[in-house]
Amino acid sequence: MQQLQIGTWAAQRSPLRILDVCYGLGYNTAAALESVLAAGDGRLQWLGLELDPTVPQAVVSSELIEEWSPPVQQMLRDLAQTGCHDSDRFQGQLLWGDARQTIQEAIAQNFQADAIFLDPFSPKRCPQLWTVEFLQLVARCLAPQGRLVTYCRAAAVRTALQLAGLQITNLPAPASAFAHRWSLGTIAAWEPLPPLSQAEQEHLHCRAAVPYRDPTLQDTAEVIRQRRDREQQQSKLESTSAWRRRWGLQAGNDS
């Protein structure tokens, strides 16, 4: 999220619009709110998607919320307890339910985000929110000069973002951590972005890059995983293990 320079954007784009996919503990949104409030007259229009209302409700009832300033604490409480907040600086709405359906509500609202936080559980655990079809819907909510940011570096997800028409670049990790953590995530946009490294470009040409698919946006995680497994088995792309060996990389969450 720091890569997006939310505070600077808030001063330049008022209101700043953010879509938080898988709100969860609310950390990304809380950090963004602190940046907006620190940016003078910045205002934020916000839309969040979350499956389980008990997660944010538990956070605002615990000491975790004390990490944030009192105004942000109140905003987080309102979102968790009522699903909305409306003040001069922050207008927010939290949509409960399967993000594959609630993202369509965001599209119906013609919500165009300057920043999208894409933060589901990992592709292996929650493949239904990393499919080509779902990310195509998410991309429809990204403004022409907006940025999507995610912790995920998986080739399958990067391929899906490209199939949605987006350009991608990486969130680089420290050089000392390259062998086991060669990227901290992915940034996507409609506009041109700095190119991926040679290793990352080659990553998109091995079997790890076979994307998850969910044609009806209704399949279970297991069905989606099995569909991808079959496609990988039939693929003539290079094996992911061969790619790792060539670049001296350790196995990780990149397949």
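Please treat every number below as a calculation from the coordinates, not as lab data. In this text the structure is predicted, and so the values were computed from the model without any measurement. Here Cβ is always computed from backbone atoms with ideal geometry, including for glycine, and neighbour counts include all displayed protein chains.
Highest average first, the peptides 86-98, 200-212 ordered by how many other beta carbon atoms sit within 10 Å of their residues are 200-212, 86-98.
The spacing between the stretch 9-30 and the stretch 110-153, judged by their C-alpha centroids, is 13 Å. Once divided by 2.2 N^0.38 Å, the Cα radius of gyration of the stretch 1-46 becomes 1.04. Overall shape: oblate for the stretch 35-93, with the ratio a/c of the largest to smallest alpha carbon gyration tensor axis at 1.5 or above and b/c at least equal to a/b. In the chain, the calculated helix contribution to ellipticity at 222 nm averages -10500 deg cm²/dmol per residue, counting -39,500 (n - 2.57) for every DSSP H run with n ≥ 4.
Projecting the Cα atoms of Ser87, Leu19, Thr54 onto the charge dipole of the stretch 19-99, computed from C-beta unit charges around the Cα centre, puts Ser87 farthest toward the positive end. Were the residues from Asp52 through Lys236 laid out at 0.36 nm apart, the gain over their Cα-Cα distance would be 62.3 nm.
Taking the Cα centre of the chain as origin and assigning +1 to Lys and Arg Cβ atoms and -1 to Asp and Glu Cβ atoms, the resulting dipole is close to 1060 debye.
Structural descriptor for the chain: relative contact order 16 percent, calculated from alpha carbon pairs under 8 angstrom and at least 6 residues apart. The overall shape of the stretch 1-118, judged from the alpha-carbon gyration tensor, is oblate: a/c is not under 1.5, and a/b is no greater than b/c. How far is the Cα center of the stretch 61-86 from the Cα center of the stretch 195-249, in Å? Comparing the Cα centres of the stretch 61-86 and the stretch 195-249, I get a distance of 39 Å. Within the chain, the ratio Rg/Rh, alpha carbon atoms throughout and Rh by Kirkwood, equals 0.98.
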